[in-house]
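Dumping the structure here so I can ask a few things about it.
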Amino acid sequence: MFADDIGVLRGDGVFETVLVRAGVACAIEFHLGRLRRSAQALDLPEPELGKWREAVETAAKEWGSEREGVMRLVLTRGRDSELAATPDKVKTGDLAAAVPVPTAFVLVVPVPERVEKARAEGVAVVSLSRGISVDLAQAAPWQLLGAKTLSYATNMAALRFAARMGAEDVIFTSTENRVLEGPRSTVVIARDKQLITPPAKNGVLPGVTQRALFAEAEKAGWQCRYDSLFTADLLTCDSIWMLSSISLAARVNSLDGLRMSAPDNAEEIIGLVDRGIERAGAIGDW
């Protein structure tokens, strides 16, 4: 990547974060599909999924099967210098050169230390207002809600704010007091034999791990649905889960300082997530 890459200068790009387990990039077809949708939302060049699959397989193989890894797939609009030169190239008729070359790469790093604790003990969470309505995603598509862009500064600021309050994660809420998502996770609640998550139309990023969980849970007799949740639902449900591609299933053990005990079916839900991810593991499975 060059220093003047537009992804670095302006966050103009998209990415995916994928768990590498036993030498396999988990749920990769889900991730590639979401990468493609995010690229379309930003008017980026269409990702060549065949080449991405080759890069993913090579990176996972080189990482090996002895330990878990975090694989990142990054696609940006390219170099700022090439974008600036585009109008001149159009004038001279050099249309092929007028299209900036996008930047695309894959890298793998170790899983953060926080992940093991989150999986085993859960996470303390605070609820924070995102300051937007659930109608914004449909009223203002240029806001790119529901796309996984490189512009993560607000999400990271929210996590730092939570840390100052003694928490490890955040649940964003709308101006209508509806539940949205976490800075890097999908919110799912369990109530009796139901699993519920906010719908994408509310401006949340469709979750890969949540989708894998729903597919596995439905086979096990759970009722899974997408529905709007109010903050009050977080206090009346059996359990709250923060689902992400790396932490997988992290149970909320406290919300805004209120301790939340583990339900009897906590291990079952964790098992459903693990099996869902494993079934979605190999390229071409989904």
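The values are calculated or read from the model by the stated rules, or taken from the named source; none is laboratory data. As the structure is a computational prediction, the values presented were derived from the model and not from experiment. Don't worry about glycine lacking a Cβ; one is built from the backbone with ideal geometry, like all the others, and counts go over all protein chains shown. For accessibility, only protein heavy atoms count, side chains too; no ligands or nucleic acids. Shrake-Rupley method; radii C 1.70, N 1.55, O 1.52, S 1.80 Å.
Answer with one residue from Leu107, Ile189, Ala280: the one whose Cα lies farthest towards the positive end of the charge dipole of the chain, charges on Cβ with Lys, Arg +1 and Asp, Glu -1.
The Cα lying farthest towards the positive end belongs to Ile189.
Measure off, as a whole percent, the carbon and sulfur share of the 1.4 Å-probe accessible area of region 91-224, all protein chains present.
On the way: 3570 of 6600 Å².
Here it works out to 54 percent.
For region 180-238 and region 13-62, what is the separation of their C-alpha centers, rounded to whole Å?
Spelled out, the Cα-based centre of one part sits 24 Å from the other.
Any idea what the relative contact order of region 141-268 is, in percent, if you count C-alpha pairs under 8 Å spaced at least 6 apart? Walk me through the intermediate numbers first.
Numbers: 186 pairs, mean separation 27.8, N = 128.
Once divided by the residue count of region 141-268, the mean separation gives 22 percent.
Let me ask something else about it. Just to confirm a number: summing +1 for Lys and Arg and -1 for Asp and Glu over residues other than Ser38 whose beta-carbon lies under 9 angstrom from that of Ser38, what do you get? Intermediate results must be reported in sequence, preceding the final value.
Working: positive: Arg34, Arg36, Arg37, Lys148; negative: Glu16.
Here the charged neighbours net out to +3.
State which helices in the chain qualify, where a helix is a whole DSSP H run, it must extend 30 Å or more along its own axis by its Cα atoms, and its mean Kyte-Doolittle hydropathy must be at least 0.0. Walk me through the intermediate numbers first.
Numbers: long enough: none.
The qualifying helices: there are none.
Given all pairs of different Cα atoms, what value in angstroms does the Kirkwood hydrodynamic radius of region 1-160 take? Please list the in-between numbers first.
Numbers: mean 1/r = 0.0558 Å⁻¹.
So the Kirkwood estimate lands at 17.9 Å.
Residues with beta-carbon under 11 Å from that of Gly203, excluding Gly203: net charge, scoring Lys, Arg +1 and Asp, Glu -1? It would help to have the intermediate numbers written out before the result.
Details: positive: Arg130, Arg178, Lys201; negative: Asp135, Glu181.
Once all neighbours under 11 Å are counted, the net charge is +1.
Longest segment of the chain with no GluC sites (Glu not before Pro) in a DSSP loop having at most 14 other Cβ atoms within 10 Å?
On the way: sites that count: Glu48, Glu66, Glu176.
Result for the longest clean stretch: 177-286.
What longest range of the chain stays clear of loop-exposed trypsin sites (Lys or Arg not before Pro) (DSSP non-H/G/I/E/B, at most 14 other C-beta within 10 angstrom)?
Values: sites that count: Arg67, Lys193.
That would be 68-192.
For region 210-286, what is the accessible area per residue in Å² when the probe is 1.4 Å? Mind dumping the intermediate values first?
Numbers: 3550 Å² over 77 residues.
Normalised by residue count, the accessible surface of region 210-286 is 46 Å².
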